[in-house]
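Structure record follows, encoded as structure tokens.
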Amino acid sequence: MKIKTLLLALMLLSFAALMVACDVQADYQPPILTNTSSIELETISESHKDYTLNIHYPVTNQLQIDDTLYSFIVSRIIKFKDDLLDAYPTNGTPIEGHYSLDFRVVTDTADAIAIIFTEKARLGGIDVYEERHTFNFNRHSGDMVSLDELFSNSPDFLEIISPLAYQKLLHSRNALEIDPVWLQEGTLPFIQNFNCFTYQSDGLHFIFNSGQIGQGHEGAQEIILNASDFKNLLSLNTQAFSKNYRPIIKPITEPELLPAANESTYFEPPALVATGKADPDSVHKKRVALTFDDGPHPKFTTQILDILKEYDSEATFFMLGNRVAPNAAIVKRVIAEGHGIGSHSWGHPKFTALNEYGVKQQIQLTQEAFLAQTGMKPFYVRVPFGRFNQEIQKWIDMPLIQWSVDPEDWKSKNPQKIATHVLEHVQDGSIVVLHDIHGATVQALPAILKGLSEMDYECVTVESLLGITPKGPKDQVYYKK
Ligand code: ZN
């Protein structure tokens, strides 16, 4: 009986597919699978006394795709380590953490790549999260294809997908455990309910992570919307995966960032070429960018500036907008002495907990504070806690500066430990994160600068290390040179 039903369903399905195929308004063009996959596997594995980390990720050899995936992975590692630190008891034995990230390539064609990551984290013997993350790329351009883009011919697609998804999930194999009220909420026609999807040969797969449509740890649920489900109601923009397609760039509406009075009031990077006396030795000198977050601080930032001057070194200060006006003289001194200024938001909130308006406000208020006090404004940002997603990145619309060396100065508050960590982990092109609000960081700085100088490093600003300018691309995320 079951087999008969299945056969009937299959027949109906192929009939529907046939109908669609004959229709001019074809709903769904499945990706044509290529058998010449060039996707390689990379592994990151760490084993420490308080945590283990195991990551597998794909390398496509398409630069933009690989950059996007790598940025995602690094941001997830940082999140896990943040969570581990948050759970760290002030006294007693450290808790144990396990992190794993695995992937499946579900579409691999000449035009499209779709990948599902499965992420699991355990802290102190408890599964704290299990989450799926999806990526759909146009293989030629390397751009990610969003759901908006895929349904650009059907602006009200969410209104159609939402009830379809609700019905499918309600009748899924776990239907008995499903709470209809919760399910309804998790399938409401909001884009964030449907962001986890993949474009596959049998249709669009939507994944609902645990907690979205039900309580706790019942795991992710997946549904397929195929051609028969669309029923001429929806038309997919499969062009989004074709060769010369560029994504639709939506105009940013309010609030607009305050423009600088003129272009020259922007902070220009040191003009190495313009001086015409490039030191031949400096070509081979290793470079590192020291960065200080969360200031300016009336006492510690001043001390740090004195030490940097003594060692003839440059650094970058990621300042909080709400500290700019009360410490205007220090901000001016930072600029006058050739250091970099970056925005670290207005008040250090978690950007992932804010909406578009909230994020833009944090950025705009900070830009205005800098401009009012100094006539200049930063052209790059370090997101509080280093936590962001693609949407937030678009809202900020400036290069994001993460880091590759983190001595956790705020945690250890041990000058010796801070200096040793930096000197042991630094590489040519590293970005080091420090905080100019702790005495221990100030005490560690002379040893750091002395050590770096002995190892033949030059300390430069972020813009000098990365070669970024106010007019350069704004969609980059940097962890190191
Ligand atoms: Zn911070």
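Within segment 369-391, track down each residue that is without any contact (Cβ under 8 Å) to a residue 60 or more places away in the chain, surrounded by fewer than 20 Cβ atoms within 10 Å (Cβ to Cβ) and closer than 19 Å to Arg323 by Cβ. Within segment 369-391, Ala372, Gln373, Thr374 meet the criteria. Which ones in segment 293-326 are away from the ligand (no atom under 16 Å from the Cβ) and either farther than 29 Å from Glu454 by Cβ or in contact with a strand residue (DSSP E or B) (Cβ under 7 Å, 6 or more places away or on another chain) (or both)? Listed by number, the residues that qualify are Pro298, Ser313, Glu314, Ala325, Pro326. When Tyr380 is tested against the conditions (1) of a type in the set (Phe, Trp, Tyr); (2) over 20 Å from the mean Cα position of the chain (by Cα); (3) within 16 Å of the ligand (Cβ to nearest atom), the lone failure is (2). Any chance segment 392-414 includes a residue that's in contact with a Phe, Trp or Tyr (Cβ under 8 Å, 6 or more places away or on another chain), assigned to a helix (DSSP H, G or I), under 14 Å from Val432 (Cα atoms) and within 16 Å of the ligand (Cβ to nearest atom)? No, segment 392-414 contains no residue that is in contact with a Phe, Trp or Tyr (Cβ under 8 Å, 6 or more places away or on another chain), assigned to a helix (DSSP H, G or I), under 14 Å from Val432 (Cα atoms) and within 16 Å of the ligand (Cβ to nearest atom).
When each of Thr291, Thr301, Thr366 is tested for being crowded, with 22+ Cβ neighbours inside 10 Å, of a type in the set (S, T, N, Q) and under 17 Å from Leu465 (Cα atoms), the lone residue that passes is Thr291. All of Leu434, Leu423, Leu449 fail the test of being assigned to a helix (DSSP H, G or I) and crowded, with 20+ Cβ neighbours inside 10 Å, apart from Leu449. Which condition number in (1) at pLDDT 80 or above; (2) surrounded by 11 or more Cβ atoms within 10 Å (Cβ to Cβ) is the one that Thr43 fails? Failed condition: (2). Among the residues of segment 328-364, the ones that are within 16 Å of the ligand (Cβ to nearest atom), over 21 Å from Glu463 (Cβ atoms) and outside any loop (DSSP other than H, G, I, E, B) come to 5 in all. With respect to (1) in a strand (DSSP E or B); (2) modelled with pLDDT under 90; (3) under 15 Å from Asp50 (Cβ atoms), the lone exception for Pro89 is condition (1).
The values are calculated or read from the model by the stated rules, or taken from the named source; none is laboratory data. In this text, all values refer to a predicted model and were calculated from it rather than measured experimentally. Don't worry about glycine lacking a Cβ; one is built from the backbone with ideal geometry, like all the others, and counts go over all protein chains shown.
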